[in-house]
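K.L.:
For reference, the structure I am asking about is given below.
Read the figures in this text as sums done on the coordinates, not as results from a lab. These numbers come from a predicted model, not from an experiment. FYI the Cβ positions are ideal-geometry reconstructions off the backbone, even for glycines, and counts take in every protein chain you see.
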Amino acid sequence: MWPSCYGLRMDSPEDLTDEELLAMLTPRQLAELDRTIGETFADGGVDRAEALMALAQVYAMRAAQRDETSALALLQLAAAMRRRAEAMSGGRR
């Protein structure tokens, strides 16, 4: 069993929802992550949102191959990317 983190007990970091993953970040960390993603994938058409979603999926798959701490970080990044892609596409998912 993965150790208790932020009052949550789970079998692995993959058990967390995007909301739970992002809630573990401080507001400053989340803002910095969002800024970095925004600079990398400038707000634009659906094609960029789709690319961002695809990259988020790659990070989520890679997380399964990492130690728990690295997996958690990759899953948080993927969650933030999905959140940004949603915003870019106007929530049409």
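K.L.:
Relative to the Cα centre, what is the charge dipole magnitude of region 14-91, using +1 at the beta carbon of each Lys and Arg, -1 at the beta carbon of each Asp and Glu, and rounding to the nearest 20 debye? Let's see the in-between values first.
P.N.:
Values: 8 positive and 14 negative charges, 43 e Å.
Charge dipole, region 14-91, about its Cα centre: 200 debye, nearest 20.
K.L.:
Okay, next question. What is the distance, in nm, between label points placed 7 Å from the Cα along the Cα-to-Cβ direction at residue 29 and at residue 73?
P.N.:
1.1
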